[in-house]
Amino acid sequence: MADSVGAWNVAIEQSALSDVGLRRANNQDSFAISLAVDESDWQRRGSLLMVADGMGAHAAGELASKMACESLPHTYRKLADRPPADALRQAVLAANASIHERGQANAEFQGMGTTCSVLLLMPRAAIVAHVGDSRVYRLRAGRLEQLTFDHSLVWEMQAAGQMPRGEVAGFIPKNIITRSLGPHADVQVDMEGPFPLDAGDTFLLCSDGLSGQVKDEEIGPILSALSPGEAVRLLVDMANLRGGPDNITAIVARVTAVPATEIELPPADPSPTAAGAHPALWVVMGLCVLLALGLAADRYYVGALIGGLVAVASGLIALAQNASKTSQPTRLGLDGPLGTGPHAAFVATPRAESVAVLCQMAQQLREAAKDEHWTLDWAHFNNFGKQAQAALAAGDFTRAVRQYALAISFMMSEIRRQPARKDQRDSTVLDL
């Protein structure tokens, strides 16, 4: 697990965890976290987080996701002369090119690919770049939003109206993706945002090993009730408890403060002046110059003077508009919103149903440990249960979710230690 805190004009508390799951021999998921190193870096380039889920025979998928996570953050920061949104898109395209080239050069790696979901946190705004079916979510004010569109056969068919949203035909595999980095020389990159930042905003980036096993309705309450470190641990544990059929990767980042900044977001419907001088002004100036020269040649000096004055006025207005554009504090490099996200939304406030799911999971873990006669710190485990029940009785669903979550993660950590303790058995198991 990776944990750290950055504090450059916006404090970002984040944690990440990647797990091989229960049915895979190797982990083809990768992740990268590239935080701003100082105040200047934060203002110019922000902090970048990404998840990649590789695909391909042998070690090809593992190599593809690793290449994406190593090259993309580096390329993004190297393109310092480009606006952040443009640099981010170019960095994704460069990663695609390098993975494709590597695949073409070696028959063993041919056709290898990876998903790529990137979250760029800038002062007051977030931008997303996305290819594949790994996801980026945002939790805000009791609402969980999926910011990315799954590039999967199921989602594409639903978007085309060939299947009602939310319904999946049994004959359509859920894991067929329609877009990825690497297999082809060209790739279409989805860009989403900018999404304004508020203190308390919590983002989740994850591979489909997580989103395929943990429901969106369960993710929201977990992000609401837990710290980033606790949340990634529980989400990975839940995916494993439900079979862990795939590699599982999660990054949770929480914005803890957004002080005032000069960075401005682009308007949803930018006016012509926001994009610099209107081309018509330069056309008018050019025509007036030609007219003035023609009139002067024919000795119509008054008309030539008027034409010249109009040309000068048009030029001054154009220069003023250009100057206004350059002096604007916007640094995102956007003329308007990107993409059409969010693409789905769910209630994220912890409720009785949220507590019931985790309570049942904790009970099942308890029974499994009892049947195996594992030696555990039962007092510690049962204390979490008592705290959860007290919170539930008081109607504090957020605290109840957190206590049951801690009980599950504690039990899972104890179970992971069992191979080292197989000679020790204990039949003393207390009630929750």
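Things to note:
- Pair ALA107, ALA25: separation of 7 Å Cα→Cβ label points (nm): 2.1 nm
- FRET efficiency for GLU367 and ALA97, using Cβ-Cβ distance with R0 set to 35 Å, rounded to 0.05: 0.10
- Where trypsin sites (Lys or Arg not before Pro) fall in DSSP loop in segment 1-101, at most 15 other Cβ within 10 Å: ARG23
- Computed label-point distance, nm, for sites ARG416 and SER227 using a 7 Å Cα→Cβ extension: 1.7 nm
- Note on THR114, THR340, THR75, THR202: ascending count of other Cβ atoms within 10 Å places them as THR340, THR75, THR202, THR114, the fewest first.
- Modelled spin-label separation between ASP198 and ALA57, with each label point placed 7 Å from Cα along the Cα-to-Cβ direction: 5.1 nm.
- Placing a label point 7 Å from the Cα of LYS174 along the Cα-to-Cβ direction, the residues of segment 102-134 with a backbone N closer than 16 Å are 133-134.
- When the C-alpha to C-alpha distance is required to be over 30 Å, the pairs from LYS66/LYS215; LYS215/LYS386; LYS78/LYS215 that qualify are LYS78/LYS215.
- Cubic angstrom per residue, convex hull over Cα atoms of segment 1-103: 94 Å³
- Extension gain for ALA141 to ARG44 (0.36 nm times residue separation, less C-alpha to C-alpha distance): 32.1 nm.
- Summarised as an ellipsoid, segment 2-257 has semi-axes of 26, 23, 17 Å, derived from the eigenvalues of the Cα gyration tensor scaled by 5 and square-rooted, with the largest first.
- Multiplying the residue separation of ALA257 and ALA352 by 0.36 nm and removing their Cα-Cα distance gives an extension gain of 31.2 nm.
Read the figures in this text as sums done on the coordinates, not as results from a lab. Fair warning: this is a prediction, and the values are worked out from it, not measured in the lab. Cβ coordinates were reconstructed from backbone atoms using ideal geometry, including for glycine residues, and neighbour counts include every protein chain displayed.
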